[in-house]
Amino acid sequence: MRSILMNHYRNGRISAVIMAALIIGLMALLIQPSVGRVKAQDTAAFDEATLACLDQMRSVGVDMELMGMTPETIISFCGCVRDAEAAGTTFSDTDLMMLHNVIMEAVINPDMSMECSSILQGIGTPADGTPDTQGLAGLDMMGTQYMSPEDMANMTAHMSPISREGVEPATAAQGGTDLEYYMEDGVKVFELNAYPVIWNILPNVSTVAWTYNGIMPGPTIRVTEGDRVRIIFNNGLPEPSTVHWHGVIVPQNMDGVPHLSQAPVEPGQSFTYEFTIQQPAGTFWYHSHYHDDFQIGLGLHGAFIIEPLVPEENPPAVDVTLMLNEHRILGGNTFASMPMGGMDPNYFTINGKSYPSTQPIFARVGERVRVRFIVVGQFIHPMHLHGVPFEVVEIDGYPVPPENRQLMDTVSIAPGQRFVIEFTPTQPGPWMLHCHIPHHVTNNFAVGHGGLTLAVVVQ
């Protein structure tokens with residue numbers, strides 16, 4: 001068991017063995033949160049090999065004790081794979097993925113046997129080199145039996161940690177700051193440099209972020225109606241990328257879609273986007289459109305705000321932009337996060353930070369506050385404000401006529417959407433603004449508020 005885990009940990013992979021333990025633990029916690037859980041004294045009954053298995057799991061961020069696995073299940077799980085290895089069975093990446101799937105099925109189906117012979121049937125290559133291919137029909141929850149080697153390689157890459165090799169810590173602490181520009185022949189010129197950094201979402205939790213200009217989210221680009229804009233994109237990432245201007249009306253060859261409107265920008269190469277702002281003031285955003293399910297969530301996104309040519313007669317006292325995202329961080333490793341079994345997020349961020357590191361909104365009683373929500377990840381977020389109702393004044397960059405507005409306290413925002421709300425505080429004190437999906441306000445399953453939560457501090 002120990003050698004299997006170490007080999008996959010050194011190779012930068014968190015194997016399906018670990019994911020299987022995670023799935024078992026989570027299901028046990030959900031189904032029986034207080035029955036049969038390991039207590040401190042129970043570990044005294046574990047033999048040295050099981051204790052080593054526990055320690056090795058902890059080293060990659062999986063604590064089977066805290067996650068609700070019974071002592072019997074821990075001993076059984078660790079013993080099955082250890083005994084198979086001792087008997088000469090070897091496990092490929094595909095085998096480990098299949099083991100993950102089979103154990104998921106076993107947890108969901110209480111009638112399925114959890115004996116080693118059932119769990120490991122058809123998985124691994126025995127010492128004689130002839131794999132057992134019987135008994136897996138109906139258990140392949142992800143359809144891996146139909147996958148080509150290329151398909152399996154793609155899946156393995158999706159479920160492997162993002163490399164930290166040579167990645168330096170971020171030098172900035174906050175994301176989304178305004179991007180400076182210079183004028184050249186009447187054109188506003190901005191520069192976006194894409195490269196990875198180590199980014200702290202909490203003081204003791206860091207992630208590999210693929211960023212624009214070293215921050216997550218990327219810098220806010222502010223332009224004015226009618227501006228001619230030039231944005232120079234320099235790709236310092238380990239793979240190609242592009243930049244798409246989400247909701248902004250641009251020429252087709254400036255739209256940032258690889259192989260459709262332009263060729264991908266290769267590592268070390270640059271591309272210049274240039275267009276004229278042709279639409280009214282509103283809230284938009286920009287993001288990568290290459291390897292989308294990796295690059296956007298890893299940090300390649302930023303706000304794009306079009307300001308009115310004629311300033312507002314009565315602007316709000318406070319105007320903030322909140323970009324909502326999610327992350328998967330296990331054992332210090334960063335993984336792509338998406339709504340897929342084994343890849344679900346365990347951290348959620350507002351402007352690159354999880355609560356309590358999210359920046360508060362400071363306001364005063366009687367003064368209007370504007371909040372621009374942008375969902376950049378892959379999950380819907382019903383955002384709820386305590387203490388006072390709000391109105392939705394803009395959707396996807398376009399104003400909602402006053403006669404069509406209504407008072408609300410919760411608004412659901414889908415991936416890619418922008419909702420702008422306005423409210424006027426009536427009572428002093430700190431008030432909560434948060435996503436109303438409970439898991440989205442946790443940090444790595446811990447008790448207490450985290451994730452998509454911030455304080456509106458009213459004076």
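FYI, it's all coordinate maths here, none of it is from the lab. Quantities reported herein were computed from a predicted structural model and do not represent experimental measurements. Note that each Cβ is placed from the backbone with ideal geometry, even for glycine, and that neighbours are counted across all protein chains shown.
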Next on the checklist: Just checking, does segment 239-257 include any residue being surrounded by fewer than 18 Cβ atoms within 10 Å (Cβ to Cβ), under 28 Å from Phe335 (Cα atoms) and of a type in the set (A, V, I, L, M)?
Outcome noted: yes
Next on the checklist: When the residues of segment 148-165 are narrowed to those that are within 15 Å of Trp199 (Cα to Cα) and not polar (S, T, N, Q), which ends up surrounded by the most Cβ atoms within 10 Å (Cβ to Cβ)?
Outcome noted: Ile162
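From the list Val375, Val392, exactly one residue is farther than 13 Å from Gly297 by Cα and aliphatic (A, V, I, L, M). Which is it? Working first, answer last.
Working: Val375 fails: farther than 13 Å from Gly297 by Cα.
Of Val375, Val392, the one residue that is farther than 13 Å from Gly297 by Cα and aliphatic (A, V, I, L, M) is Val392.
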Checklist entry - Quick check: anything in segment 166-182 free of Cβ contacts under 8 Å to residues at least 40 places away in the same chain, at positive phi and buried (at least 21 other Cβ atoms within 10 Å of the Cβ)? => result no
Item to check | Among (1) within 15 Å of Ile201 (Cα to Cα); (2) part of a loop (DSSP other than H, G, I, E, B); (3) free of Cβ contacts under 8 Å to residues at least 24 places away in the same chain - the single one Asp344 does not satisfy | outcome: (1)
Checklist outcome for this item: Looking across segment 263-285 at residues that are surrounded by fewer than 18 Cβ atoms within 10 Å (Cβ to Cβ) and assigned to a strand (DSSP E or B), the single one that is farthest from the chain's Cα centre (by Cα) is Thr276
Next on the checklist: I'd like the full set of residues that are in contact (Cβ under 8 Å) with a residue 12 or more places away in the chain and assigned to a loop (DSSP other than H, G, I, E, B), limited to segment 244-262.
Outcome noted: Gly247, Val248, Ile249, Val250, Pro251, Gly256, Val257
